[in-house]
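Only one structure is covered here, and it is reproduced in the block below.
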Amino acid sequence: MEVSSNGQRSIYCLHILNPRISKCLATLLFLLIVRVILFPTISSFGRIEENGLVVVRNLSPLYGSDFGIRVDKFLEVPQIVWGLNNQKIAFARACLTARMLNRTLLMPSLSASLFYKEVERLEPIFFDKIFQFEEFNSRCNGFVRLGRYMDISNQTKPIELLKGSGRKWTIERDLEQLEEYSKEPFDQSEVITIVGKNPFLWHDHWPVKDYAKIFECLVLVDEIEKEVDKVISRIREVGSKVRSKFDSDATVVKSENSLQPMPYVAVHMRIEIDWMIHCKKLEQRSRINQICSSKEEIMNRVGNILEMKVPTVVYLAVADSLLNDSSILKGWKEGLLPFEKKKLGIDKIYKKYPYLIQSAIDYEVCLRADVFVGNSFSTFSSLVVLGRTQKLMKTDVVDLCDTNLSWPSYAYNILGDSNGPRKWISNMSDISLKNISYGSNDTSCR
């Protein structure tokens, strides 16, 4: 009887509530229902399974807030190693991991030298010796953030996060570990230090567009940028001289196109011995015969690119071991004039710097070429094409495979039209960087 009486009082109170308060409560209830439908759970950490891969969608920090990356919480990662583009991928993965934990990434150490097995011989070099620190944070503002060790207050003891390894350490377990360290009590620590494997070997949880966003924020320091300009200027200068020799109306061409830079083709020529051994083994394992290419095949296919105007200079981005091999300069189609850094007289520019900076210069030379031809199973070539695809997308083109587009790219290891190389663009909507940078015969253009 008492319960019934209390219930009647409650109903009576609801009836006499101010209508405005009732409306507010109803609105609040509606918003809560909408949130549950559209954003099921925060604990899901934004993960979605697609084609057997666990992908983390592009969530903003603090699960959708507009406050930006925290500046008082940090993530520290192991030294980043191996080739230039392996290091760029590893750096981006470290940035995205820090973003997932809503932390500032402490500026990592890169590797200036290239030793795959002899880790103790690696020569460390700070990120800001290659790329502009402040420019990176400006371009990636609100997405990811870099910090310096001087920013740490040391108010709490760092916590170590040991990355798992082996077949049992699945992509799902890796994501669960990151989710765990995003919560208390781990989140209280000012610094989380990841120990174990270098970031290139971590599981990948992010779509291609997230990596592309970070790559766009990487701008070379002024000293290296000036060296890139010198190399490209030299290539165009040689091209201008070559064109004048072949063109009987050189003076007319000069007057009409004096403001237009002389175009050049860049070919990332992978025919060095260690690469050929690697790609042959890869062909056997994967049962794909479109990975390795001989120098004769490369020359023939580049010569069959229909859209390429001749005469033109072909810059060969090759390993130093091939600079003394004169055969790479012979056998090209008439009108294609091959040059490598030694023949151009710019090898002294490269020799001033360690391996990593040499690769950074060559990367930019290939990225900015009027035509680029590479191997779709090379990480270097793949990231060059990724950057060129981004450049094309900013022009608002409708068909990225249009044969008349500027800055075309091709994969010489895959046969295309008219016995030339296949047209190549990156699939920016792909859910995994692995599909476009760790070896693929899918160049998106058929």
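The values are calculated or read from the model by the stated rules, or taken from the named source; none is laboratory data. Only a predicted model underlies this, so the values are computations on that prediction, with no experimental measurement involved. Quick reminder, even Gly has a Cβ in these numbers, built from the backbone with ideal geometry, and neighbours come from all protein chains shown. The protein model used for the area step is the full one, side chains on, heavy atoms only, and it has no ligands, DNA or RNA in it. Shrake-Rupley method; radii C 1.70, N 1.55, O 1.52, S 1.80 Å.
Which values, in whole Å and largest first, are the semi-axes of the equivalent ellipsoid of segment 141-196 obtained as the square root of 5 times each eigenvalue of the Cα gyration tensor?
Three semi-axes, in Å: 24, 14, 12.
Hey, what's the Cα Rg ratio for segment 309-446 versus the globular rule of thumb, 2.2 N^0.38 Å?
1.09
Skipping prolines and chain starts, which residues have an amide H placed within reach, meaning under 5 Å, of the one on ARG422, given they are 5 or more residues away or on another chain?
For ARG422, whose amide H was placed from the backbone, the distant partners under 5 Å are ALA411, ILE414, GLY416.
I need the phi-derived Karplus couplings for segment 294-300: 6.51 cos²θ - 1.76 cosθ + 1.60, θ = phi - 60°, integer Hz, Gly and Pro marked x.
Going residue by residue, I get 6, 5, 5, 5, 4, 4, 5 Hz, with x marking Gly and Pro.
Pairs of Cα atoms under 8 Å, at least six residues apart: use those to get the relative contact order of segment 74-217, whole percent.
36 percent.
Once fully extended, how much extra length lies between GLU135 and ASP320, figured as 0.36 nm per residue of separation less the alpha-carbon to alpha-carbon distance?
Full extension from GLU135 to ASP320 adds 63.4 nm.
Using C-alpha positions alone, give me the convex hull volume of segment 166-206 per residue in cubic angstrom.
90
Show TYR355, TYR315 ordered by accessible area, largest first, where the area counts protein heavy atoms only and the probe is 1.4 Å.
If we order TYR355, TYR315 from most to least accessible, we get TYR355, TYR315.
Quick check: pseudo-label points 7 Å beyond the Cα along Cα→Cβ at ASP72 and VAL221, how many nm apart are they?
Computed distance between label sites ASP72 and VAL221 equals 3.2 nm.
Just the accessible area for TRP275, please: 1.4 Å probe, Å², rounded to the nearest 10?
Taking all protein chains as shown, TRP275 has close to 20 Å².
What ranking, highest mean first, results for peptides 296-304, 143-151 when packing means the other Cβ atoms within 10 Å averaged over each residue?
296-304, 143-151
Leaving ligands, DNA and RNA out of it, rank HIS205, HIS278 by accessible area with a 1.4 Å probe, largest first.
Accessible-area ranking of HIS205, HIS278, largest first: HIS278, HIS205.
Cα atoms only: what Rg and Dmax, in Å, come out for segment 74-217?
14.8, 40
Can you work out ³J(HN,Hα) from phi for every residue in segment 221-228, in order, using Karplus 6.51 cos²θ - 1.76 cosθ + 1.60 and θ = phi - 60°, giving whole Hz and x for Gly and Pro?
5, 4, 4, 6, 4, 5, 5, 4
Among bridges DSSP assigns within segment 74-217, what percent are antiparallel (round to 5)?
Taking every DSSP beta bridge within segment 74-217, about 20 percent pair in antiparallel fashion.
Any idea what log10 I(q)/I(0) is at q = 0.24 Å⁻¹ for segment 136-248, Debye with uniform C-alpha scatterers and no solvent?
Relative scattering, expressed as log10 I(q)/I(0), comes to -1.35.
So who's got an amide H within less than 5 Å of the one on SER376, skipping anything under 5 residues away but keeping other chains? H placed 1.01 Å off N, in plane.
Residues meeting the criterion, in which the H sits 1.01 Å from N, are TYR412, ASN413.
For a quick check: with amide H placed at 1.01 Å from N, whose amide H comes under 5 Å from TRP82's, ignoring anything fewer than 5 positions away on the same chain?
PHE115
From the phi of every residue in segment 425-431, what ³J(HN,Hα) in whole Hz does the Karplus formula 6.51 cos²θ - 1.76 cosθ + 1.60 yield, where θ is phi - 60° and glycine or proline is x?
Those phi angles translate into 9, 8, 7, 6, 9, 5, 8 Hz.
Sorting HIS203, HIS268 by accessible area (1.4 Å probe), largest first, what list results?
HIS203, HIS268
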